[in-house]
Amino acid sequence: MALVAIGRSEGWPLATTLRATLLAGLAHIAGTLLLGGLIGYLGIRLSEEFTSFAQNVPPLGLVLIGIFLLGIAYSHPDQAPKDLSSLRKAPSVRSWFATMTVALFFSPCLEISTYFLTAGTHGWQGILLVAVVFVFVTLPLMLGLVAFGYRGIGRFKGVVLERHGHAIMGGVLIVLGLATFFYE
């Protein structure tokens, strides 16, 4: 919703806001894949050395990160800006694009790192599968949410993904961790 707020406050048309989202989304994906590849490699190395690691640590990591995200979700009040006029205006569209791109590159999706660690126990094919799914889910989802938010759907009270995103992701990670531990 931050991208929608910036686009609206700057008076950008939807196409410009979507271009900014695409550029920032690609940077976010690149940063996440770089970190994910390193974490996946760690998973490969650890699973080669310690058999029990591959069976126990990644599911435990999913559960612990899920609990952490639930803690974040319920310990911070909603901090979304209520008034778009309070946002500072940047001097140009180009500076906004650069700022968003750099910011999202350096804020990778840490929640998915455990998936890369788990995938590493299955080798590079597992890591590649997680990476491909991440790319093909993240970018369309970002673009779709910005398009819907820009057109006014974001005005509904209680937007589930925005207000409860950490709680939803935390719950999903806990369930996946438990399922991986018991069914793998």
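The values are calculated or read from the model by the stated rules, or taken from the named source; none is laboratory data. None of the values given here were measured: they were computed from a predicted structure. Quick reminder, even Gly has a Cβ in these numbers, built from the backbone with ideal geometry, and neighbours come from all protein chains shown. Ligands, DNA and RNA are stripped out before the accessible areas are found, and what is left, the full protein with its side chains, is counted by its heavy atoms. Shrake-Rupley method; radii C 1.70, N 1.55, O 1.52, S 1.80 Å.
Restricting the search to segment 1-27, which residues are closer than 12 Å to Met100 by Cβ, open to solvent by 30 Å² or more (accessible area, probe 1.4 Å) and modelled with pLDDT under 90? Answer for segment 1-27, where residues must be closer than 12 Å to Met100 by Cβ, open to solvent by 30 Å² or more (accessible area, probe 1.4 Å) and modelled with pLDDT under 90: Ala2, Glu10.
Within segment 119-136, the residues that satisfy the criterion of being open to solvent by less than 80 Å² (accessible area, probe 1.4 Å) and either more than 23 Å from Leu178 (Cα to Cα) or acidic (Asp, Glu) (or both) are Val132, Val135.
Restricting segment 79-118 to residues that are modelled with pLDDT under 80 and among the basic types (Lys, Arg), which is most open to solvent (accessible area, probe 1.4 Å)? Looking at residues that are modelled with pLDDT under 80 and among the basic types (Lys, Arg), I get Arg88. With the structure loaded, tell me whether Pro59 is open to solvent by less than 30 Å² (accessible area, probe 1.4 Å), farther than 19 Å from Ile6 by Cα and modelled with pLDDT under 75 or whether it fails that test. So Pro59 fits the description; yes.
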